[in-house]
Every structure is written in C-alpha cells, then in structure tokens.
Amino acid sequence: MYRLSLYTMKKVLLSLLAIAMTMPMFSQSNVINAQITEKGFQNPVIPGYYPDPSVCRVGDDFYLVCSSFQFFPGVPVFHSKDLIHWEQIGNVLDRPSQVDLSRGGASSGIFAPTIRYHEGKFYMITTNINVMFGGGAGNFIVTADNPAGPWSDPVFIPGVMGIDPSLYWEDGKLYICWSAMNNIALAELDPQSFQMVGKARSIWDGDGDSSPEGPHIYKKDGYYYLLIAEGGTEMGHKVNIARSRNIEGPYTSNPSNPILTQKRRDSVSSVLQGTGHPDLIQAADGSWWIVYLGFRDTVGKMHHLLGRETCLAPVRWDDEAWPVVNGKGWVDIDMSHVKTLPQVLMPQATNYVDFKQGKKLGFEWIYTNNPVQENYTYANNQLLLKATPIKLDDPNRTPTFVARRQTDVNCTVTTSMSLMDAKSGDRAGLTVYMDNKGHYDVAIVGTADGGQEIELSYRLGELKHIAKTVKFNTKRAVQFKIDVTNSHYAFSYSTDGKTFQPLGKMDSYFLSTETLGGFTGMLFGWFAEGDKGTKAVAAIDWFDYKSGAPYVAVPAYPTE
C-alpha cells in the first residue's frame, strides 16, 4: 500500500498554502518534593505524542504548548518549574467556538503553536489547516490572563498564508514570522486588532535544505536571532539559526549550522532521531535551554510509534555569539551529565481512572475532530458512550471515541466495560489507534441471535481483517488488557478481572509512522459504533495504564 512520506505530505501542504513578571505564580501546594537535585534528566521530558513544543517563562515558572492536529481539545498546556518535570494544566482550545476540526482528516487541524507572555497576558498563535484549506484565514491568536485558561475566542489574521507562526514584541510593535512556501516571512501586526500592518516580506530562505519552518525570533546582545527547523520532520530534521542587526534582515547564517541534528557520525546510532522544531528559553538564573521535538526509534529499522516527543537540552553562547546545543550539536536520551535547574517534581495525570463520586476524564483525554458531547455521559459510576453509525475507519468524521496517548514503550493497559442494548452490527471496545486507517481493536460485538462475542481485528490501510472471534455467553462487564512492548501489542480478555485469556498479538511495525504516515502518535481509547438506528451504549467502569520496565535502547544503526 502506498503512503506519502512526512516530507512529501508537508511539501504538499505548503504548496497548497502558497496558491515580565506580573502574572501570579501557581501555588506551591501544587508542587511536591521541591528541589530534588540539580543534575541530569532523561529525554523525552514530555513522552508520547506531544510535538512542536513552544515555551515561555514568567518568573520561575515555565509554560509549554504542543501541536494537537485533528484532536480536541487542542493545544495542551503544561507547567514546570525546572523544564524537566511537567504537569498538564489545561488545553488552550477547549470550546467548539475556538476551533473547527470538522473538515479535516488525520494529521490535519492544528499545526505548530507558539506561546508567549507579554505585559501580563499570555498569547498563543497557531494555524488551523482545515480553515485554510477551506479558503479562509487559517492563522489565529488567542489570549489568556492565566495559562490554565480560559483562553479567548480566536482572532484570525488574513494575509498570513503559511504555517508555524510566532510572535515578537519590541518598542510597542508586534511582529509575526511564519513559514511560507520555501522561506521565512515577517510582517508587523497591530497590537490590539492583530491585523497585518503593511506587507509581508521574506527574511530568510534557510540554509538550503527542505522545509524551512517553525521560526522564532529572539534578541540578544544587539542581534536578532532567527531560529528555524529544516530538512522535514523525519530522519533529516535539524535546527539552523541566522542573525541580523535589523529585524527585517538581511540575516546571516551561522557558519556552524546545523546547531542541532542527529545526522552526525556520533549520533546517527542514537535511538533518539528526527530532532528539530525548537524554541529557546532563558531561565531566571541566566542559563539557556532549548526545547525541541524528537522521536525514539523503538520499533527498529528506523520506525517509531509514540509520535514526536518533547525533549530538552542545555545551550551555551560561544565567543562568536552563536548558540551551541549540548556542547556538541547533538543530544542523547540519557542527559545525566547535564547540570540542571533545581528540580521540582510536578503532579502527574492519574493513570488509573474510574467514575465514582462524580469523577470525569482529565485534560489528557482527547477526541478526534469536534466531538458530539451528548454521546458521552456519566451515570451510575460509569462513563457511557453512545454508539453511532460513524466508525473509527471513517475519514473526516467524528466517531464516538475518546483516548489518551501512549507515553511508554513498555506498558500495560486494562479496562472494564460492557455493551448494552447491542444488536448485530453494534460493537464497542478498546483500540490501539494511530488514525482512521491504522488501528488494532478488541471489542464486544452484538450477534444476530441477540448474544455477544469478543472480536480482535485490525485496520491497516485498505486491509481490514477479523483476527479472532470468541463466543461470549454473559452480558456482564468484560475486562480487556493490552500488554505492550516495542515489537507487539498482545491482547487478552477476562470475565472475572483475574484470569485473562489470550486473544492474539499484533506487530507494532505496521502502526508506525513510517508505515502509515502522518504527524501524530499512538493512542489507547474506547469506541462505540453500530449500524444506522443503533441504540447500543458502552458502559466504562475503569481504565488502568501501567508503565512497564524502562525501554533499553537498541542502536538505530548497529555498530561493531
């Protein structure tokens, strides 16, 4: 089956596009075990599908946002004290009035955001590709007094035809830079209306590689620095930088570009690859850091599952006033050699979820496209999912489906659920989901005689297959379990919550980004679907995600 590469997909998208410290700090009651150590960390610092990181600082607090593509709510927001330990505190785009995801399929929707803080207010700017493809202005700004929200409704910016917008303030002026067809563009915006003032101009073509994107402007020591990614968000991704005495250019490339890439002799065997799309930040102590995306080649053969993840590295500025990343221009999974800010552990999302005493799903749970909220209700200590005729397989549609990211290479996922009022054609279950053309499902299925059975199936491109069916003679809750390693997803079921019967194993290779394409990563979630007129309802009792043993990296390129 034919799949476009990530680079080709990005080029197609770009071709179509061408036709301060007054903010109140978070309470220390939200911080645990303050000041643990000042040395070392492991990449990624935010594991799982959290790509295109952008970061800002307010006092000793850091706030970070990531891309969300076709999923709602959009643009997750994280808070940290040390750039290493992060807590998700909300989502920027959490209301239907803020974001229209109805006209796009997999890897569409919200592209790379930028978060900035200026004179007591937070700003987030991003691109909704769906709106742009519909002929409208796709770049927009939202604002908030508190990064946890609420955020405003969007203000769209006509004339900015491109992706990856960023903001820069100076002397009362507001500038926007973004990735145009094959260059980085700059324009001035009105600081109140956010509308373009004058004309846009090209300020840098990059260093000659493909896809110059993700631009950010900083000022240091009299220079304007323009930081970008090039090479496409795959193996050849890299970080380049240029500078100018004038914000409008001309910009001169760093003779030592790229300042970050894994395509070096010493790093090509690292399990961490595809590093790029960065943002620089200076901490209160004067130290400089860079956040960036990278993916872990966990499947082998240069294939990855978890998506592009948020990583961190230290930065120094050398005698020629150029930044040097991690002292050598490449990075590691193991960053234990790095002297860090005083480390502060943050509260983490609850891996065990039930719905007792009014509990609901947390910020980390997401839907595809704009969800139909009435299909998700809470009653009798359960989450109830109303089945609809829209299937997981359907492109550009909104099935009854809610999920969370896979964040560990080795993990175990278990859930307890039942299917009520099911007839033939109704099914509900637990899915390992990359997108509508790539998922592994274990489900309770209604049968023609009014009974139910358990079904293990897969969708891979145009291939759909039922791998196993098990007769199921009780309508009580069933427990599904998925044991995950870098190579397989192993499915089993139980009717007593204790003894699990194996159903089968699915090869992770076929769900990888390099096999299926796209910009997202692996999710675990529930779904409910049926034929027209279905009245089936899936009742979810609980969900448990357990991290497994730490993944032992295997070199991407074996060495002697």
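The values are calculated or read from the model by the stated rules, or taken from the named source; none is laboratory data. Please read all numbers here as calculations on a predicted model, not as lab measurements. Ideal geometry is used to build each Cβ from the backbone, glycine not excepted, and the neighbour counts take in all protein chains shown.
Results, tabulated for the structure shown:
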{"quantity": "Filtered residues of the stretch 311-355 (kept if under 30 Å from residue 403 (Cβ atoms) and of a type in the set (Ser, Thr, Tyr))", "calculated": "350, 352"}
{"quantity": "Pair list, Cβ < 6 Å and 6+ apart or interchain, from the stretch 210-225 residues that are among the acidic types (Asp, Glu) to residues that are not in a strand (DSSP E or B)", "calculated": "221/321"}
{"quantity": "Residue in the stretch 522-531 that is farther than 24 Å from residue 44 by Cβ, buried (at least 16 other Cβ atoms within 10 Å of the Cβ), within 23 Å of the chain's Cα centre (by Cα) and among the charged types (D, E, K, R) present", "calculated": "no"}
{"quantity": "Matching residues, the stretch 462-493, being assigned to a loop (DSSP other than H, G, I, E, B) and small (Gly, Ala, Ser)", "calculated": "477, 487"}
{"quantity": "Within the stretch 152-166, considering residues that are surrounded by fewer than 22 Cβ atoms within 10 Å (Cβ to Cβ) and touching a Lys or Arg at 6+ places or on another chain (Cβ under 9 Å), the one farthest from residue 231 (Cα to Cα)", "calculated": "153"}
{"quantity": "Residue check for residue 485: over 21 Å from residue 383 (Cβ atoms) and surrounded by fewer than 19 Cβ atoms within 10 Å (Cβ to Cβ)", "calculated": "yes"}
{"quantity": "Residue satisfying condition, being charged (D, E, K, R), outside any strand (DSSP E or B), under 21 Å from the mean Cα position of the chain (by Cα) and surrounded by fewer than 23 Cβ atoms within 10 Å (Cβ to Cβ), within set 449, 408", "calculated": "408"}
{"quantity": "Residue satisfying all of: in the stretch 281-300; part of a loop (DSSP other than H, G, I, E, B) and not hydroxyl-bearing (Ser, Thr, Tyr); modelled with the lowest pLDDT among these", "calculated": "299"}
{"quantity": "Restricting the stretch 35-91 to residues that are among the β-branched types (Val, Ile, Thr) and in contact with a Ser or Thr (Cβ under 8 Å, 6 or more places away or on another chain), the residue that is surrounded by the fewest Cβ atoms within 10 Å (Cβ to Cβ)", "calculated": "37"}
{"quantity": "Among (1) surrounded by 21 or more Cβ atoms within 10 Å (Cβ to Cβ); (2) over 15 Å from the mean Cα position of the chain (by Cα); (3) small (Gly, Ala, Ser) - the single one residue 109 does not satisfy", "calculated": "(2)"}
{"quantity": "Members of the stretch 370-392 found to be in a loop (DSSP other than H, G, I, E, B) and surrounded by 14 or more Cβ atoms within 10 Å (Cβ to Cβ), listed by number", "calculated": "370, 371, 372, 381, 387, 389, 390, 391, 392"}
{"quantity": "Complete set of residues in the stretch 494-529 that are outside any loop (DSSP other than H, G, I, E, B) and among the aromatic types (Phe, Trp, Tyr)", "calculated": "509, 510, 524, 526, 527"}
{"quantity": "Elements of type strands (runs of 3 or more DSSP E) contained in the stretch 63-177, each with 3 or more residues being farther than 28 Å from residue 436 by Cβ and in the same structural domain as residue 220 (by TED's automatic domain parsing)", "calculated": "114-118, 121-127, 139-144, 163-170"}
{"quantity": "Per-region count, the stretch 453-466, residues within 17 Å of residue 536 (Cα to Cα) and either crowded, with 22+ Cβ neighbours inside 10 Å or not assigned by TED's automatic domain parsing to the domain that holds residue 520 (or both)", "calculated": "0"}
{"quantity": "Selection from the stretch 252-280 of residues that are under 19 Å from residue 315 (Cβ atoms) and either touching a Cys at 6+ places or on another chain (Cβ under 7 Å) or in a strand (DSSP E or B) (or both)", "calculated": "253, 260, 261, 272, 275, 276, 277, 278, 279, 280"}
{"quantity": "Filter pass, residue 153 being in contact with a helix residue (DSSP H, G or I) (Cβ under 8 Å, 6 or more places away or on another chain), more than 24 Å from residue 277 (Cα to Cα) and of a type outside the set (Phe, Trp, Tyr)", "calculated": "yes"}
{"quantity": "Residue list for the stretch 284-322, restricted to those being in contact with an Asp or Glu (Cβ under 7 Å, 6 or more places away or on another chain), closer than 16 Å to residue 516 by Cβ and crowded, with 24+ Cβ neighbours inside 10 Å", "calculated": "295, 304"}
{"quantity": "Hits in the stretch 224-275 (condition: of a type in the set (A, V, I, L, M, F, W, C) and more than 30 Å from residue 200 (Cα to Cα))", "calculated": "235, 268, 271, 272"}
{"quantity": "Filtered residues of the stretch 189-198 (kept if part of a strand (DSSP E or B) and either at pLDDT 95 or above or buried (at least 18 other Cβ atoms within 10 Å of the Cβ) (or both))", "calculated": "189, 196, 197"}
